[in-house]
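**Q** Supplied in structure tokens, the structure appears directly below.
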Amino acid sequence: MNTELEKYIQSTSSYFEEKYGAAPTLVAYAPGRINIIGEHTDYNLGLSMPAAINRWVIVCLRPRPDQNISVTSQNYHDKMEYTLGQDFTPGDSWEKYVYGCITIFNNQYNLNKGFEAVIWGNVPIGSGVSSSAAIEVALMNALRAAYAADMDDLTLVKMCQRVEHEYLKVNSGLLDQYASQFSREGKLMILDFNQLSSDYVDADMKDWAWILADTKVKRELAGSKYSERVRETADALQEVKSKDSSVQGFRDITEEHITLISDSVQQKRIRHLVLENQRVLQAAEALSQKNFEELGKLLTASHQSLRDDYEVSCPELDFLVDTALQLPYCAGSRMMGGGFGGCTISLVRKDAVHKFSNFLTDEYAREYDIVTELNNYQLVDGAGSYKI
Ligand code: GAF
């Protein structure tokens, strides 16, 4: 196991013992993720290229003999408690994730007893690296193991996605939960949401590194704009289907179909989708040939498409991308994740990472008076659990 993760499990487990007076009997963990390319493609059954990163949510748990549930957030020093079968209204959003997971699990697999748990995490929140999916996936893994539920990994990630839909009211796709569960150390995943299957490619980047830069902003409209995009592409698909009977789903739509869409905004959304899927395949090819200059160009093209056609960027993200692209040792850069804030991902020569970071930090502070945070994450295995 990753030694960093082991250390965090140790400290979460000690905290559990302090809070609940005995050691946990079960540990589960789930990582955050990056996404190299393939953005806003998941709910449109397209392609993405994610990988899990060395930032995790950890759940330490011990079943109880009664029907009581007690979950402590070590980060927030906050506790939620209720009794199974009695009314409970979750408060803050961490409680919604927890309550959503427990309720969806309980409805399907019937929790016959309560439990106590501590949740801790170091996945940056609101940075576009999937802190919320990491909570859901870690907790669902913990529940599956603690209650010996006969649930395969794909069912698990779909149940986590339901938490987003039903308890957070965000119609997100499966990218985050899937990457958190199925990633492999040192690999990037080529993820096909139509087949719900993934291939793994070597992420050896030779002289290059993936650098994330956090805008430190998150727009309030992110959730509503996200749902708007889900609606727009679904409506466009219906129209194309009604005009061309050979089109059954998103993946049958080609560039030629775009003119069949009467709404010009929906045309742009579908153009992003069709071309972004092509870019994921081209990026996989560039990666296999270790053609990093080409890979960088694809990243930048993805950003332009997300900015102009999908319209999910924001001034801070555009600024970080444009600033990164001024530098000769940056091959490409784009916004990452849902957008309207969060972070960018750039492909930077390893020997220039320091210069790159300094330049971006200085320029961003000058423009926005915000200190960005830059990270070069390790790619790690997906979620897991074990009994103690
Ligand atoms: C967010 C969503 F949760 C994902 O499902 C995905 O759509 C992503 O935005 C954009 O690619 O992370």
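Here, each number is a calculation from the coordinates, and none is a lab measurement. Values in this document were obtained by computation on a predicted structure and should not be read as measured data. Note: ideal-geometry Cβ built from the backbone for every residue, glycine included; neighbour counts use all protein chains shown.
**Q** Looking at region 29-136 from every direction and averaging, what is the projected area of its Cα convex hull in nm²? Working shown, then result.
**A** On the way: hull surface 31.3 nm².
Mean projected area for region 29-136: 7.8 nm², to one decimal.
**Q** Something else about it: Could you tell me which of rounded, prolate or oblate describes region 230-344, using a ≥ b ≥ c as the square roots of the eigenvalues of the alpha-carbon gyration tensor, with rounded for a/c under 1.5 and, failing that, prolate when a/b is larger than b/c and oblate otherwise?
**A** Oblate, since a/c reaches 1.5 and b/c is not below a/b.
**Q** Rounded, prolate or oblate: which fits region 332-388 when a ≥ b ≥ c are the square roots of the eigenvalues of the alpha-carbon gyration tensor, with rounded for a/c under 1.5 and prolate only if a/b beats b/c?
**A** prolate
**Q** Quick one: which residues, 5 or more positions from Lys216 or on another chain, have an amide H under 5 Å from its amide H? H modelled 1.01 Å from N in the peptide plane, none for Pro or chain starts.
**A** Correct list: Gly342.
**Q** Moving to a separate point now. For region 240-295, rounded, prolate or oblate, judged on the Cα gyration tensor with a ≥ b ≥ c (square roots of eigenvalues), a/c < 1.5 rounded, else prolate if a/b > b/c? Don't skip to the answer; put the middle values down first.
**A** Numbers: a/c = 4.58, a/b = 2.30, b/c = 1.99.
It is prolate, given that a/c is not under 1.5 and a/b is the larger ratio.
**Q** Let me ask something else about it. Please figure out what share of the DSSP beta bridges in the chain is antiparallel and state it in percent, rounded to the nearest 5.
**A** Taking every DSSP beta bridge with both residues in the chain, the antiparallel ones total about 90 percent.
**Q** About the Cα centre of the chain, how large is the charge dipole given +1 on each Lys and Arg Cβ and -1 on each Asp and Glu Cβ? Please answer in debye to the nearest 20.
**A** Dipole size: approximately 480 debye.
**Q** Could I ask something else about it? Go through region 167-175 residue by residue and turn each phi into a ³J(HN,Hα) via Karplus (6.51, -1.76, 1.60, θ = phi - 60°); whole Hz please, and just put x for glycine and proline.
**A** 10, 9, 6, 10, 7, 6, x, 9, 3
**Q** Same structure again: Relative contact order, percent, of region 208-375 when contacts are C-alpha pairs under 8 Å separated by at least 6 residues?
**A** 33
**Q** Could you give the nm distance between label points at Gln278 and Ile370, where each point is 7 Å from its Cα heading toward the beta carbon?
**A** 3.3
**Q** Straight-line reach from Lys96: which lysines have Cα under 24 Å away, leaving out those fewer than 8 places along the same chain?
**A** Lys19, Lys79, Lys113, Lys158, Lys169, Lys216, Lys218, Lys225
**Q** Out of residues 5 or more away from Arg64 or on other chains, whose amide H comes under 5 Å of its own, with H placed 1.01 Å from N in the peptide plane?
**A** The list, which skips near neighbours in sequence, is Gly114, Phe115, Glu116.
**Q** Of Val59, Val265, Val274, Val98, how do they rank once you tally other Cβ atoms within 10 Å and put the fewest first?
**A** Taking fewest neighbouring Cβ atoms as first place, the list is Val265, Val274, Val98, Val59.
**Q** Counting only helical runs of four or more DSSP H residues, what would the 222 nm mean residue ellipticity of the chain come to if each run contributes -39,500 (n - 2.57) and the total is spread over all its residues?
**A** Dividing the helical sum by the residues of the chain leaves -14000 deg cm²/dmol.
**Q** Taking the Cα centre of each part, how many Å lie between region 248-327 and region 95-163?
**A** 32
**Q** May I ask you to evaluate 6.51 cos²θ - 1.76 cosθ + 1.60, the Karplus curve with θ = phi - 60°, for each residue of region 233-241 and list the ³J(HN,Hα) values in order in whole Hz, giving x for glycine and proline?
**A** For region 233-241, the Karplus curve yields 6, 5, 5, 4, 4, 4, 5, 4, 4 Hz.
**Q** To make sure I understand the rule: partners must be aspartates and glutamates, Cα under 18 Å from the Cα of Lys297, and not fewer than 8 residues away in the same chain. Which ones qualify?
**A** Reachable aspartates and glutamates: Glu39, Asp207, Glu276, Glu285, Asp308, Asp309, Asp318, Asp322.
**Q** With 10 angstrom as the radius, rank Lys206, Lys96, Lys290 by how many other C-beta atoms surround their C-beta, starting from the fewest. Please report the intermediate quantities before stating the final value.
**A** On the way: Lys206 9, Lys96 20, Lys290 14.
Ranking Lys206, Lys96, Lys290 by Cβ neighbours within 10 Å, fewest first, gives Lys206, Lys290, Lys96.
**Q** Next question. Aspartates and glutamates near Lys241 by alpha-carbon distance under 17 Å, same-chain residues fewer than 8 away left out - which ones?
**A** Glu232, Asp252, Glu255, Glu256, Asp263
**Q** Among Cys60, Cys314, Cys330, which comes first, then next, by fewest other beta-carbon atoms within 10 Å?
**A** By the 10 Å Cβ count, ascending: Cys314, Cys330, Cys60.
**Q** State the extension gain, in nm to one decimal, for the chain segment bounded by Gln326 and Phe88, taking 0.36 nm per residue of separation less the distance between their alpha-carbons.
**A** Working: separation 238, 0.36 × 238 = 85.68 nm, distance 5.26 nm.
The Gln326-Phe88 span can extend by a further 80.4 nm.
**Q** Oh, and also: Projecting each Cα onto the charge dipole of the chain (Lys/Arg +1, Asp/Glu -1 at the beta carbon, about the Cα centre), which of Thr12, Leu212, Asn291 comes out farthest on the positive side?
**A** It is Thr12.
**Q** Could you work out Rg/(2.2 N^0.38 Å) for the chain, with Rg from alpha carbons only? Write out the running numbers ahead of the final one.
**A** Values: Rg = 21.2 Å, N = 388, 2.2 N^0.38 = 21.2 Å.
Taking the Cα Rg and dividing by 2.2 N^0.38 Å, one obtains 1.00.
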